[in-house]
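The values are calculated or read from the model by the stated rules, or taken from the named source; none is laboratory data. The model shown is predicted, which means the values in this text are computed figures rather than measured ones. Note that we place each Cβ from the backbone using ideal geometry, even for glycine, and neighbour counts take in every protein chain shown.
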Amino acid sequence: MDGETPEVVKEYLSYLSDGAKAAFENNPERSGNGWLRLTGARVLDRRGQPARHLIAGEPVSFEFTYLNRSAKKNADVNATIYNHLGIAVTNFSTAINQFMIDDLGSQGKFVCRIPNLPLPIGQYRVAAAVQMEGMSADLIPNALVFDVVSSIFYKNGRCPRINYCACMVENEWQHDASEAVK
């Protein structure tokens, strides 16, 4: 596409999000050597039910099913969440979390549970990747798309606008007007 940079980037991000509907079927953005192939992905809400609309502050799980085409037993799994601007908000990794996967079957599923979803209201895209023996077995840059539609992250139910934060962080304030400023 030719045009102004913001419009070209917006069009590409829209293309990736729209492609999530068939991310596991003939996805031109998919890459990897194919030793293991992700076959599906879902977002599960606090009740363990598939959901596309989530609430910040509640637990959520990301589930990825796979088919292991090799006899390999070890894998590292990564999931990166991107915001509406295509900026990586966070990354979840079995290697960083020291969760060893060394018992792969011919098929199965990986589940990453987030106990307190810290994302502001908006739309997000998840890229999923699996590495085996230091090589990319599968990479799907548009495995999932979901929306955060409301928030209970802060006790008052309010949420900062997405253009002011990439994620929400618990914090505490204090004030004492009687002390001199040092």
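Overview of values
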{"read-out": "Near pairs, Cβ below 8 angstrom, 6+ apart or cross-chain, from region 87-111 (within 21 Å of Arg42 (Cα to Cα) and touching a residue at least 24 places away in the same chain (Cβ under 8 Å)) to any residue that is among the polar types (S, T, N, Q) and loosely packed, with under 13 Cβ neighbours inside 10 Å", "value": "Ile101/Asn74; Leu104/Asn74"}
{"read-out": "Candidate set from region 150-170 (those that are surrounded by 14 or more Cβ atoms within 10 Å (Cβ to Cβ) and of a type in the set (A, V, I, L, M)); member that is modelled with the highest pLDDT", "value": "Ile152"}
{"read-out": "Tabulated pairs, region 134-161, first more than 30 Å from Thr39 (Cβ to Cβ), second of a type in the set (D, E, K, R), C-beta under 8 angstrom, 6+ apart or interchain", "value": "Ser151/Arg158; Ile152/Glu58"}
{"read-out": "Some residue of region 171-181 being surrounded by 14 or more Cβ atoms within 10 Å (Cβ to Cβ), of a type in the set (Ser, Thr, Tyr), at pLDDT below 95 and more than 22 Å from Phe24 (Cα to Cα)", "value": "no"}
{"read-out": "Of all residues in region 91-139 being part of a loop (DSSP other than H, G, I, E, B) and surrounded by 18 or more Cβ atoms within 10 Å (Cβ to Cβ), the one that is farthest from the chain's Cα centre (by Cα)", "value": "Leu104"}
{"read-out": "Scope region 74-85; condition part of a loop (DSSP other than H, G, I, E, B) and in contact with a strand residue (DSSP E or B) (Cβ under 8 Å, 6 or more places away or on another chain); matching residues", "value": "Asn74, Asn83, His84"}
{"read-out": "Counted residues, region 158-182 - those being touching a Gly at 6+ places or on another chain (Cβ under 6 Å) and charged (D, E, K, R)", "value": "0"}
{"read-out": "Residues within region 158-173 that are in a loop (DSSP other than H, G, I, E, B) and out of contact with any strand residue (DSSP E or B) (no Cβ under 8 Å at 6 or more places or on another chain), tallied", "value": "8"}
{"read-out": "From Asn33, Asn78, residue being within 15 Å of Leu144 (Cα to Cα), in contact with a Ser or Thr (Cβ under 8 Å, 6 or more places away or on another chain) and not aromatic (Phe, Trp, Tyr)", "value": "Asn78"}
{"read-out": "Residue satisfying all of: in region 140-157; assigned to a loop (DSSP other than H, G, I, E, B) and touching a Gly at 6+ places or on another chain (Cβ under 8 Å); farthest from Glu172 (Cα to Cα) among these", "value": "Ile152"}
{"read-out": "Residue within region 55-75 that is modelled with pLDDT under 90 and surrounded by 13 or more Cβ atoms within 10 Å (Cβ to Cβ) present", "value": "no"}
{"read-out": "Residue check for Leu16: assigned to a helix (DSSP H, G or I), within 22 Å of Ala166 (Cα to Cα), at pLDDT below 95 and of a type outside the set (Ser, Thr, Tyr)", "value": "yes"}
{"read-out": "Residue satisfying condition, being at pLDDT 95 or above, of a type in the set (Lys, Arg) and surrounded by 14 or more Cβ atoms within 10 Å (Cβ to Cβ), within set Arg37, Arg30, Arg47", "value": "Arg37"}
{"read-out": "Every residue from region 52-70 that is closer than 14 Å to Thr39 by Cα and among the basic types (Lys, Arg)", "value": "Arg69"}
{"read-out": "Residues being touching an Asp or Glu at 6+ places or on another chain (Cβ under 7 Å) and without any contact (Cβ under 8 Å) to a residue 40 or more places away in the chain - total across region 67-86", "value": "1"}
